[in-house]
Structure formats: C-alpha cells, structure tokens
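Following: one structure in structure tokens, then a few remarks.
The values are calculated or read from the model by the stated rules, or taken from the named source; none is laboratory data. Please read these numbers as outputs of a predicted model, since none were measured by experiment. Virtual Cβ from ideal backbone geometry, glycine too; neighbours counted across all protein chains shown.
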Amino acid sequence: MSSSKRILSGVIWSSLGNVISALYSFFSVPILLFHFGKQHYGLIGLALSVNVYLKLMDMGFSSGNVKFFSEWIVKKEYVNLNKLFQSSLAFYGTIGIVNAIILSVVSFYAKSIFSLSDSDADILHSMFYVLMISAFFGWLSALLDQFLRANEIIGWEQRLMIFSRLLQVLALYLTVKFDFSVKLFFALTTFSSLIIIPFSVWKINTLKFKITYFPKYHSEIFKKILPYCLSLFSFGIFQFSAIYLRPIILSMRSNVGAVAEYRILEGFANMVLLLGSSFTTVILPSASKAKAMNDRVKMDKIAYNGTKYVSVFLSIIVFGFVLVSRDVLNLYVGNTYDYLWVWLVVWIITLLAAHTSAISSLVLSETNLRPIVIMSSFSSISSLTIAWFLTPSYRVGGVVFGYLFYNIFQMGFYYIYYYPRVMQLNSLKIFIKSFFIPSVFVAAIACLVFYVYPHVFHNHGYNKVFLSGAIYMFILLPVIFFLVMDEGDRIFIKQLLKIKQK
C-alpha cells in the first residue's frame, strides 16, 4: 500500500475511532452522572485527571519515538531501530514503577488535598490502586502503539483501539444493567484498554524488523533522541498543565461537584478535540519522513492545504455544535444544568485553535523547539493563574476563561513568530486563506440558521436539533465545495473518494 493510501486509511480509521471514543465520552457522562450521582462521578473525573497528568512522565518519548522510528525505517537503520525499542522498554518499565509510587503517595494524602469525606476518600483510594496496577502495562501499550504508527500501520492500530473502546461500552452497559459499584466500573474500563497488547505484539512480529522485547538501556541511542524528547517534554509539561490541571484546580478551589460540571462540558469538547487530533497522529510519521528527506513541497502541502481541510472540518463541527448547543445540553443532562450553556459555547469556540493540528505535525518534526518551550511556559502559567483566581467566583467558567487565554497566547506566538521566522511559512496566507475565510463562511451560515430558524419553525428538543442541523448541513456543504474549495481542492477530494471506493 502506498504512503498516501496508508495515510488515507489512517485518517479514516482514526476518525472513526475518535468518533466512537467521542460518542462514548459524550453519552457516558449523563448515564454515569445519574447512575452514580454528581459526587461519585466527580471522583471518576478527579482520578482520571491525576492519572492523565502523570502521562507527563513520558518526557516527550511518545512523539520522539515516532519521529526517530520513522526516520530510521526510511534510512534502513534497523540496528538503531531495535536499540531504541529496547531502550524505550527499559525507560517505560521504570516510569511505570515510579508512576505507581506517585499514585500511592497521592492516594495517602487525597482526603486532605481534595477535602473529601471518609467514604469518598475510600472510593478514590480504590481507583488509585487500579491505576497503580495498570501503570506498567499502560506504558508498554503506548510503546507498541508508537512503533505501529511509525510504520504507518495506523488503520490496523486504530481498529484495535475501536475494539478496546467497544469493551468499555460493554462495561458501561453491564454497570447500568447489574448496578455495579463505581469501583468495579472504574476497574473494568481501565483494564479493557490493556487487552489489545497481545494483538499489537503479534502485528509487530509480522513486520520485517527483528525486534527484541528484552528491556535494555543503550546510552548512545538515548544521547541521540534525549535532547529532542526533552524539548518536547519542556513545552509538553506546560501544555498538559494548561489542560489537565483544570479539574484539579476546580476540586481544590471549589468542590468535586464543580469537577462533575467540568466533565459535562468536556464531553462536548472531546467530540471536537478527538476528531481534530486524527490529523496530527496520522500525519506526524509522514511529516517526519518529509523533514528527513528535506521534501519542501510535501511540507508546504501539509502546512497550507492540511490546515485548510482541518479548518473546514473543525468549523463545521464547532459552529454546528454552537447552533444547537443549548437544546443539546438540556437533552443531555436536563434543564438543571442550563446555566452551563454560556461556558459551553465559549469552550467550543475556543477549540477552533485546533485548526493548527496539521502544522503541529511539522512543528513536532522540527529540532528547534526552545522558543515553543518558553512561550508554552508563559501561556500555561498565565492561564492557570487566571483559572486559580476566577474559579472561586465563576466555578467551571474560571477554567474555561483560563483555557481561552492559553489558546490566544499560543496562536499569537505561532502566527507572529514561529511560522514565519523558524519554519519559513507564510503565516498570513495560512491564517487568512487556510483558516479565516473557511471559518467565516461556516460561521455565517450557522448564524443565518440560528436567527432565521425560530421565525419559521417553533419546535424544540430533538426535533429542533435534527431539523436545524439538517438545514445547516444542506446549505453548508455546497457552499464549502463550490465557494471555499478551489479547483485543486475539488480534484483532490474526488481522488480521495476514488481511493476509498477501491
């Protein structure tokens, strides 16, 4: 299979997997909220937030491994490939143990840190124990995933992820049907993600590389990849902090109930964010290879055309959500949470910042990441400070505002400095032609439907959501195809459809 077809297959399966993941996250929120109650559901969100933040212990190896695996596959440096795999096994095994130790310490002090009752503290302790047991195997699964992506076996790998997610859907169904405890539900969903490990090992063994699964530290390999990985880690720690410390700030500055409110809004946000991330994970191996071969034409296509397609896709989703957001929120969790609507709209619009996900794959293939580290630290610290002071007054709105300012700072830095100075890209062309114009067209149609619809139709609930959404898409698709896309874009889309049919 050619590289373009593998990328297309990866995008399709990655998008499908992310749709299923987003739908699960979206629909599981009201189900779990009403099944376990706001307080216990907030504990699930808190445990997951602490565990996700510990993913920073990866220290940039997730993207670094994909980059160097991809480059060494192209250059046929198979000895280095195997040494990096062995070294990563040793590294991930070590941090799996450290991960478990940190979780045990946090678990010991959880009651005082998060101001929990005795019963809630007991539940949180059990969740942390589950995460401690799964820590090592979770890091192993991450390494196998990185190796498969570097070989552009993304479609197959995403099918495994879909299988894992379907097991989580089954766990949710059994929990509701047989009234499982929150502890048992958490254990089932956590361990279901590890079942795919044997399948990943089998797939890797079918490749032409002789990979050794015995952990071994190779210092010369670490010296090659560590500077790049640490650069990623340096700005990754701030990026992660800006995103995943928000529910922790809520629990410390407000209460666990505010974390549950955050998770409600996060269900909507993940519908957009997960879909947008399909492009970055799929394009990164291709971008790394283009960078290694100094293929400027291919890199420019990723930057300009890729951003345009991502912007169109994101804008359709974002403004489509905004159009029906209030009705969907009320259908989702009831009128009780209607006060969250304003923060939902702000958060969803903020996600337009993900339009740079195509260029992010090129950014991650760069070696000069020091400016990004400096700016990410400023953006993250500023946004968390804003969230810290606003949360007592605005609760979930405080962290939404903090995240909004984080994205404003980051976008300003990339467009004003990094794209033109470091990457030699025309940032004005990217912003105006690839992002702004498509987004304005989509936003205008969403506004038109939003203001005209109530004067023509008088329904609410499901009927309003589906009918207004259908009208929005009916007007939007021909406008996008004939006014936003140029002739080259239309030819490219037709070619993709032909490849998909084959």
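Each row is one residue, and each column tells you yes or no for (1) in a helix (DSSP H, G or I); (2) surrounded by 21 or more Cβ atoms within 10 Å (Cβ to Cβ).
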{"site": "Phe209", "(1), (2)": "no, no"}
{"site": "Tyr213", "(1), (2)": "no, no"}
{"site": "Glu220", "(1), (2)": "yes, no"}
{"site": "Pro227", "(1), (2)": "yes, no"}
{"site": "Ser231", "(1), (2)": "yes, no"}
{"site": "Gly236", "(1), (2)": "yes, yes"}
{"site": "Ile248", "(1), (2)": "yes, no"}
{"site": "Ser251", "(1), (2)": "yes, yes"}
{"site": "Ala260", "(1), (2)": "yes, yes"}
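So is Arg159 modelled with pLDDT under 90 and farther than 23 Å from Gly60 by Cα or not? Yes: the conditions hold for Arg159.
Residues considered: Leu124, Leu89, Leu144, Leu131. Of these, the only one that is of a type in the set (A, V, I, L, M), within 19 Å of Pro198 (Cα to Cα) and in contact with a helix residue (DSSP H, G or I) (Cβ under 6 Å, 6 or more places away or on another chain) is Leu144. Answer yes or no as to whether Phe178 is farther than 27 Å from Phe91 by Cβ, among the aromatic types (Phe, Trp, Tyr) and modelled with pLDDT of 90 or more. Yes: the conditions hold for Phe178. For segment 142-165, filtering for residues that are in a helix (DSSP H, G or I), closer than 22 Å to Asn82 by Cβ and over 17 Å from the mean Cα position of the chain (by Cα) leaves 6. Take the residues in segment 72-120 that are farther than 26 Å from Leu226 by Cβ and aliphatic (A, V, I, L, M), then tell me which one is surrounded by the most Cβ atoms within 10 Å (Cβ to Cβ). Of everything passing the filter in segment 72-120, Ala110 is surrounded by the most Cβ atoms within 10 Å (Cβ to Cβ).
From the list Leu428, Leu404, Leu448, the one residue that fits, being part of a helix (DSSP H, G or I) and exposed (fewer than 13 other Cβ atoms within 10 Å of the Cβ), is Leu428. Restricting Val182, Val169 to those that are touching a His at 6+ places or on another chain (Cβ under 8 Å) and touching a residue at least 60 places away in the same chain (Cβ under 8 Å) reduces the list to Val182. Checking every residue in segment 411-428 against the condition of being of a type in the set (Lys, Arg) and at pLDDT 90 or above gives zero matches.
The rows are residues; the columns are (1) more than 16 Å from the chain's Cα centre (by Cα); (2) over 24 Å from Ser380 (Cα atoms); (3) aliphatic (A, V, I, L, M).
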site: Thr189; (1), (2), (3): yes, yes, no
site: Leu207; (1), (2), (3): yes, yes, yes
site: Tyr213; (1), (2), (3): yes, yes, no
site: Ile221; (1), (2), (3): yes, yes, yes
site: Ile225; (1), (2), (3): yes, yes, yes
site: Ile248; (1), (2), (3): yes, no, yes
site: Leu265; (1), (2), (3): no, no, yes
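For segment 116-128, residues that are farther than 16 Å from Ser49 by Cβ and touching a residue at least 24 places away in the same chain (Cβ under 8 Å) total 1. Scanning segment 142-158 for residues that are closer than 30 Å to Leu33 by Cβ and surrounded by fewer than 20 Cβ atoms within 10 Å (Cβ to Cβ) yields a single hit, Ala142. Of all residue pairs spaced 6 or more apart or on separate chains, none has beta-carbon atoms under 6 Å together with a first member in segment 315-340 that is buried (at least 18 other Cβ atoms within 10 Å of the Cβ) and at pLDDT below 90 and a second member that is in a helix (DSSP H, G or I) and of a type in the set (Asp, Glu).
Evaluating Leu54 against the criteria (1) in contact with a helix residue (DSSP H, G or I) (Cβ under 9 Å, 6 or more places away or on another chain); (2) farther than 27 Å from Phe36 by Cα; (3) touching a residue at least 24 places away in the same chain (Cβ under 8 Å) leaves one unmet condition, (2). Scanning segment 185-199 for residues that are surrounded by fewer than 18 Cβ atoms within 10 Å (Cβ to Cβ), part of a helix (DSSP H, G or I) and in contact (Cβ under 8 Å) with a residue 40 or more places away in the chain turns up Phe191, Ile197. Just to be sure before I move on: is Asp300 part of a helix (DSSP H, G or I), modelled with pLDDT under 90 and of a type in the set (Asp, Glu) in the structure I sent? When the stated conditions are applied, Asp300 passes them.
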